[in-house]
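> Input: one structure, supplied below.
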Amino acid sequence: MNTYVALIRGINVGGKTTLPMKNLVQILEDIGCEKVRTYIQSGNAVFQCNKNRGSNLATEISSEIMKRLGVEPKVLLLEDAELQEAINNNPYETDDGKTLHFFFLDSRPAHPDLELLVSVKAQSEEIKLNEKIFYLYAPDGIGRSRLAAKVEQALGVLATARNWNTVRKLMTMVGQA
């Protein structure tokens, strides 16, 4: 049985596209996932499944949400080892889990425009691109970051961000799965 982390983009943000986590658990169980656990309302789930990622599991989850909710969110699916690797490669040390953000990318950027990001970053911000993870250290907060708003444009791939607190909690949940 494989352990996965699903990062569902664009649900329960700003009062639009509401998907209660109990409904997400039901959706995942209905398509054959087991030991489903969610974390906060922003579309994070850890589960086990016999299906492999190559079987278009992310697409199946997204399609099932579409059937029930009427919107088709993007689902980024990580294997437990990929989440651990993202943590291991984290270049920033901080105890403040709200200042460090992991942008999980749909694919490896072919032609990232890091110059664009550098041109809009605040002096206090630091960035690092590593394969399919973009790290943003924003000690003044992500809400004020002009850089954060430009990540997808500059990298040319779909991304969904989670802060360090959430990433650590998801890894704890993976360990409990």
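> Please give the length that would be gained between Tyr92 and Ala177 if that part of the chain were fully extended, namely 0.36 nm times their separation in residues minus their C-alpha to C-alpha distance (nm, one decimal).
Here the segment from Tyr92 to Ala177 would lengthen by 27.9 nm.
> Follow-up question, since we're still on this one. Any chance you could list P(r) for the stretch 25-78, counting all Cα-Cα pairs in 5 angstrom bins from zero, rounded to whole %?
Here the calculated profile for the stretch 25-78 is 4, 19, 32, 32, 12, 1.
> Select from Val36, Val151, Val120 the residue whose mean-square fluctuation is largest in a Gaussian network model of the chain (Cα-Cα springs shorter than 10 Å).
It is Val120.
> Given the pairs Lys35/Lys169; Lys98/Lys121; Lys128/Lys150; Lys35/Lys98, which are separated by over 19 angstrom at their Cα positions?
Going by Cα-Cα distance, Lys35/Lys98 fall outside the 19 Å limit.
> Sum up the charges of everything whose Cβ sits under 12 Å from the Cβ of Leu24, counting Lys and Arg as +1 and Asp and Glu as -1, but leave Leu24 out.
Computed value for this residue: 0.
> Also, I was wondering about something else. Where is the GNM fluctuation largest for the chain (alpha-carbon springs, 10 angstrom cutoff): Glu152, Glu85, Glu125?
Glu85
> So, one more: In whole Hz, what ³J(HN,Hα) sequence does the stretch 91-103 give by Karplus (6.51, -1.76, 1.60; θ = phi - 60°), x for Gly and Pro?
x, 10, 9, 7, 9, 8, x, 9, 9, 10, 10, 9, 9
> Using only helices, what value at 222 nm comes out for the chain when you add -39,500 (n - 2.57) per DSSP H run of length 4 or more and divide by the total residues, to the nearest 500 deg cm²/dmol?
That calculation yields -9500 deg cm²/dmol at 222 nm.
> For the stretch 39-51, take each phi angle, set θ = phi - 60°, evaluate the Karplus expression 6.51 cos²θ - 1.76 cosθ + 1.60, and give the result in whole Hz per residue in order, putting x for glycine and proline.
Here the 3J(HN,Hα) series is 9, 6, 8, 9, x, 10, 9, 10, 7, 10, 7, 6, 6 Hz.
Read the figures in this text as sums done on the coordinates, not as results from a lab. All values reported here derive from a predicted model rather than from experimental measurement. A quick note on method: Cβ atoms are made from the backbone with ideal geometry, for glycine too, and the neighbour counts reach across all protein chains shown.
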